[in-house]
Structures are given as C-alpha cells and as structure tokens.
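Enquirer: Before I ask anything, here is the structure I am working with.
The values are calculated or read from the model by the stated rules, or taken from the named source; none is laboratory data. Predicted model, so just to flag it, every value in this text is computed and none were measured. Cβ sites come from the backbone with ideal geometry, for glycine too, and all protein chains shown count toward neighbours.
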Amino acid sequence: MTDEIIIKNQPIFNKILNKINNTQNNVQAYILCCTSKTTLDTYSNLFSKVLICPYKYKENCNNCNICSRIDNNIFSELKIINPVNGVIKKECIIELRNDFQTQSIEGKNEVYIINDAECLNQSSANAILKFLEEPDTNTVAIFTTTNLDAMISTIKSRCQIIKLNNNVVDKGIDFVIKQTNLTEEEIYESLDFIRTVENNYSLAFSKVKDEFLNQFKTKEKLSSAIYVILLFYKDVLNYKLKNTCLYFEKNDLINIANRQSVNLITKKISFVLENMYKLEYNVNMLLFMDNLLIGIGEMKDD
C-alpha cells in the first residue's frame, strides 16, 4: 500500500494512475476535465510524471532527476501547449509533431499536454487528429478542459475521459480580469456589446463603429474583448446544461440561454474561436467585426 499514489477525493484518477504506474499500460490520449484550472494544472503535471518516469513513480521521487525537471518545465520530452488569446493555433500542433518525430530517450513516454483543449479550432483540431490517428507507440496526449461539451467531438472520441473532482474553482470577474488583462469596465463594455448583438442585432453594427472599436483600438485589446465574448457564450452553455455560471452573473445571460439550443450555442462558441484566430491576420478591424456580427446573426440550428 505504501507504493500507491493516493490523492484525496480523486478515486477514479487514483485508480488510473496506479494502474499505469504498476503495469506501464496506458492509452494514447486522455482528457482531464473539471471547472478548476488550478486542479487541472496540478493533476496534469502529476499525470505526466507517472507516464514519463522511467522508474515506478513515487512521491518525492529521487531515483532520477526527470520529475524535478518536469516541475521546472525544462524536460524536453514533455511539451505543454497553451492557447494564445483563447486560440490554439495549427502551427503549434505542427511544431509539436515535428518535435516528437523521434523515440523518447530518457522517459517511458513522450507526453504532450494541451491545456484549454476546447480552444482548438477546426484547423488545429484536424492537425492533432492526424497525430492521434497515427501515434508513436510511446507518445501520450493529455488534454485538459473546463468545458468538455465545447470540445470537438472527434477529439473526445479518441480519448479516455477522466472527470476530476474540483479542489479549487476558478471563476468570477477577477478570473476574467486575470485572463484578459482588461479592466473591469472594459469587460462590462464587452458584455454590453454582445448582449446588444443578441437582443438588438440591427443596433450592433452602428455600436461597433461608434463605441466598441473606439474602446478596443488595438488588435491585442480587441482580441481580449472577443475572448470575453467567448467566455460569455461558454457561460450561456454552462447555464443551459448545468443551471450555473462560472464567470458572469446569471441575470446577464439567462434570457439568451433560454431561447437558444445547446447546438446553436456550441456553434457560436466554435465560430468565435475560429474568428479569434483570423483576427491576427486581418488588418481591417471594422471589416473583421462586421463579419463576426454577420456570422453570429445568421447562425441557425441545423
């Protein structure tokens, strides 16, 4: 029993970790999901050690220096991909595939962690699917997400899903401020704009030109404002599915959630993600916003 990995309040995760640790048998891809990013970061780090350590992993492992190098983010056979402004780009996946063309040298497995996997857009998802469909025998993927429903289904179908119990919940306006580097006033400006889009669509076009782009004048600021809109739609989906919100007050979105289907909300989340990626290459921000509004306004259920 002393050799077992024991994590309080995580019986399913415990069982999987100990099975891998004792048998060295693992699948090629896992999804860790819960609503706490802190919990996901902690346990994806532990998971990577169990998958990589050439010895049977033990807490405070000192048989090698791999685990300490993982903690210090300097172990070359572990790659971690994070979204930039709410998007995981195809180029990051291609670079990852190129890095993992050779067999692992030090560890049992090469491991890559893709955080906020719901931020994979269609092109980056297609790139990772090719990686998953033709995996190296000792390459293991760990996807983390706070919104499993928003992940692309073809990715989910190729992974073992592990639902974690939350230890800490990252939520509320302070979390949004930290993620976007916007002020609270700027965040509420973004929310006011997307509510206008949903409730008074024809007014939104003039609001873009007269107010919104005056508030968010640079691509960096605009990208952060669009990320707030993305979180808004994620909260609409959270309310629709679980009658709860992670980031904003229910009163801000309850009417929108009630009159839209889960399918339509999910399509809007995917559409906003796709357009966040396009913003980097679009020099005309007014044209970009007009196209975004048209896409949201014309979107219907299948």
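Enquirer: Under the condition of being within 14 Å of Ile114 (Cα to Cα) and of a type in the set (Gly, Ala, Ser), which residue from the stretch 11-51 is surrounded by the fewest Cβ atoms within 10 Å (Cβ to Cβ)?
Expert: Within the stretch 11-51, the match that is surrounded by the fewest Cβ atoms within 10 Å (Cβ to Cβ) is Ser44.
Enquirer: Further question: Quick check on the stretch 194-202. Is at least one of its residues under 16 Å from the mean Cα position of the chain (by Cα) and either assigned to a helix (DSSP H, G or I) or not β-branched (Val, Ile, Thr) (or both)?
Expert: no
Enquirer: I'd like the full set of residues that are surrounded by 12 or more Cβ atoms within 10 Å (Cβ to Cβ) and among the hydroxyl-bearing types (Ser, Thr, Tyr), limited to the stretch 212-223.
Expert: The answer is Ser223, and nothing else.
Enquirer: On to the next question. Filter the stretch 274-302 down to the residues that are of a type in the set (A, V, I, L, M, F, W, C) and modelled with pLDDT under 85, then identify the one that is farthest from Lys240 (Cα to Cα).
Expert: Looking at the filtered set, the residue picked out is Val283.
Enquirer: Out of all the residues in the stretch 154-171, is one or more under 26 Å from Ala125 (Cβ atoms), in a helix (DSSP H, G or I) and of a type outside the set (D, E, K, R)?
Expert: Within the stretch 154-171, one or more residues are under 26 Å from Ala125 (Cβ atoms), in a helix (DSSP H, G or I) and of a type outside the set (D, E, K, R).
Enquirer: Moving on. Take the conditions assigned by TED's automatic domain parsing to the domain that holds Thr244, of a type in the set (D, E, K, R) and surrounded by fewer than 13 Cβ atoms within 10 Å (Cβ to Cβ) and apply them to Lys209. Does it pass?
Expert: So Lys209 passes the test.
Enquirer: Are any residues in the stretch 247-263 at pLDDT 85 or above and surrounded by fewer than 16 Cβ atoms within 10 Å (Cβ to Cβ), and if so, which ones?
Expert: Those that are at pLDDT 85 or above and surrounded by fewer than 16 Cβ atoms within 10 Å (Cβ to Cβ): Ile254, Asn255, Asn258, Arg259, Ser261, Val262, Asn263.
Enquirer: From the set of residues in the stretch 208-252 that are in contact (Cβ under 8 Å) with a residue 12 or more places away in the chain and of a type in the set (Lys, Arg), which is nearest to Lys267 (Cα to Cα)?
Expert: Within the stretch 208-252, the match that is nearest to Lys267 (Cα to Cα) is Lys234.
Enquirer: Might you let me know whether the stretch 31-49 holds any residue that is over 30 Å from Lys242 (Cα atoms) and part of a helix (DSSP H, G or I)?
Expert: yes
Enquirer: Next question. What is the one condition in (1) closer than 17 Å to Ile226 by Cα; (2) at pLDDT below 90 that Thr266 does not satisfy?
Expert: Evaluating Thr266 over (1) closer than 17 Å to Ile226 by Cα; (2) at pLDDT below 90 leaves (2) as the failure.
Enquirer: Related question: Does the stretch 277-284 contain at least one residue that is in contact with a Leu (Cβ under 7 Å, 6 or more places away or on another chain) and not polar (S, T, N, Q)?
Expert: Within the stretch 277-284, one or more residues are in contact with a Leu (Cβ under 7 Å, 6 or more places away or on another chain) and not polar (S, T, N, Q).
Enquirer: Name the residues in the stretch 203-251 that are part of a helix (DSSP H, G or I), over 23 Å from Asn147 (Cα atoms) and of a type in the set (A, V, I, L, M, F, W, C), would you?
Expert: Scanning the stretch 203-251 gives Leu203, Ala204, Phe205, Val208, Phe212, Leu213, Leu222.
Enquirer: Give the residue that is surrounded by the fewest Cβ atoms within 10 Å (Cβ to Cβ), with candidates limited to residues of the stretch 157-204 that are closer than 30 Å to Pro11 by Cβ and at pLDDT 90 or above.
Expert: If we take residues in the stretch 157-204 being closer than 30 Å to Pro11 by Cβ and at pLDDT 90 or above, then Ser157 is surrounded by the fewest Cβ atoms within 10 Å (Cβ to Cβ).
Enquirer: Considering the stretch 162-198 alone, what residues qualify as being farther than 29 Å from Leu40 by Cβ and either in contact (Cβ under 8 Å) with a residue 40 or more places away in the chain or in contact with a helix residue (DSSP H, G or I) (Cβ under 7 Å, 6 or more places away or on another chain) (or both)?
Expert: Glu189, Phe193, Arg195, Thr196, Val197, Glu198, listed by residue number.
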